[in-house]
Amino acid sequence: MRWLAAILLICLALPLWGQEQSALARIDPDRSSLIAEGKDRGKPRPLELRLAISHPVPYRVYFLDAPPRLIVDFREIDFSSTEPAALAGHDLVPGLRWGRFRPGWSRLVMELSGPYALATAIQSLRQDGAGGADLTLRITPVEQAAFKPRGNAMSALRDLPTPARVASGRTARATDQPLRIAIDPGHGGHDPGAEVGVIREAAVMLGFARELSEVLTRAGYEVIPTRQDDSFVPLEQRMTVARGGQADLLISLHADALPAGAAAGLSIYFWDQDSDDRAARQLALHHDRSDLVAGLDLTGTDDSVADALMDLARQETQPRSEAFARFLVSALNRSGVTMHRHPVKGAAFSVLKSPDIPSVLIELGFLTDENDRANLFDPEWRRHTAQSIASAIGEWAKDEAVRTSLSRQ
Ligand SMILES: [Zn+2]
């Protein structure tokens, strides 16, 4: 679990590091508060800490003992212009302090009148378009036996990643640097993917990935392949490779099998945990199964803070993935490539889970469909499709540049 939190912290922090020092998040004391529930002033009461932050930041919440206190570590908030005394309700607790803790980290310490437990921790984007976020932490009094403090303040920071170099994210990339595209041929190794007769999805995708990579390289993009031979690469590692290569976009390539008649034509998927598309659910199960067979557990996490962070980061990434899917649909339309009736869909494909890299999965076709099979073995069709992907990347990149400059204003 710790490594996931660590990865989250890395990936969420990258875009922030790309900005100037002055772009550190700040607290708006007028919109922040500490509220106690109930009227019994003699006893510890449930407390709600609300912090209005100029933009969302990664954070961690935990308790320390002797005296009992709530610690919130932020990466990173500039507290320099705000005194804790400016926060409405600061006097509800024995003590409230905040400030820079160590390079890249700020800390808030709230002394408590007794043992508490974290009830909820939610960071939500404000819907006013200004890019701000509200962090709401609710803590409730518990019996001493139920109090779960960390060993000490340093142990809580021991597993944090060292700051990565400041070269990633849209904000930091120089405009003359080529866009980096992670190309992920599905399956491989002991996981052949869909099999129809002697045709194996893993091999067909590796072949197409090579052709696509060539087209993209010629168009001036830098390609980061997640696998280059017939070897098994776990889904999680595919995302790690993309992140390690500081990819701007991840494209996962598949040509799966579904019962005859269930699906035909190219489709593009972006991450959607709640997708109720039946075919997509079936495919997602199929994709994750090979990882489970390899001994990896992708059944998720019990870390609600990490989940909340993931969701929050995706609020920004998701529209960018969807935008790419739309550019790809129009590029494919222009070159006459046959698509599924509803070519763009959400699906809970684990490989699309990166909260920080826009990601799409392209089912180039379904090996179970005769026409799709013929297309996949038609060099002309593959060339059109690869070129459409390249031109969609170009249009998407222009759109991204516009979004970035708008968000800077
Ligand atoms: Zn597949």
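The values are calculated or read from the model by the stated rules, or taken from the named source; none is laboratory data. The shown structure was predicted, so the numbers you read here are calculated from the model rather than taken from an experiment. Because the Cβ atoms are built from the backbone with ideal geometry, glycine has one as well, and the counts that use them run over all protein chains shown. All accessible areas refer to the heavy atoms of the entire protein, side chains included, with ligands and DNA or RNA removed. Shrake-Rupley method; radii C 1.70, N 1.55, O 1.52, S 1.80 Å.
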Short version: ³J(HN,Hα) in whole Hz for each residue of the range 321-326, in order, from phi by Karplus 6.51 cos²θ - 1.76 cosθ + 1.60 (θ = phi - 60°), x for Gly and Pro, what are they?
-> 5, 5, 4, 4, 4, 5
So what J values fall out for the range 382-389 if you push phi through Karplus, 6.51 cos²θ - 1.76 cosθ + 1.60 with θ = phi - 60°, rounded to Hz, Gly and Pro as x?
-> 5, 5, 4, 5, 4, 5, 5, 4
Enumerate the amide H contacts of D272 below 5 Å, restricted to partners 5 or more residues apart or on another chain; note that Pro and chain-start residues carry no placed amide H.
-> A347, A348, F349
Per-residue HN-Hα couplings for the range 328-341, Karplus 6.51 cos²θ - 1.76 cosθ + 1.60 at θ = phi - 60°, whole Hz, x for Gly and Pro?
-> 5, 4, 6, 5, 5, 4, 4, 9, x, 7, 6, 10, 4, 3
DSSP loop GluC sites (Glu not before Pro) in the range 24-103 with at most 16 other Cβ atoms within 10 Å of their Cβ, which ones?
-> E37
Mind listing the long-range amide H neighbours of F101? Cut-off is under 5 Å, sequence gap 5 or more, other chains count too, H placed in the peptide plane at 1.01 Å from N.
-> S106, R107
Taking H as built 1.01 Å from N, whose amide H comes closer than 5 Å to the amide H of G365, not counting residues under 5 places away?
-> D256, S267
Considering only protein heavy atoms, what per residue accessible area in square angstrom results for the range 24-146 with a 1.4 angstrom probe?
-> 46 Å²
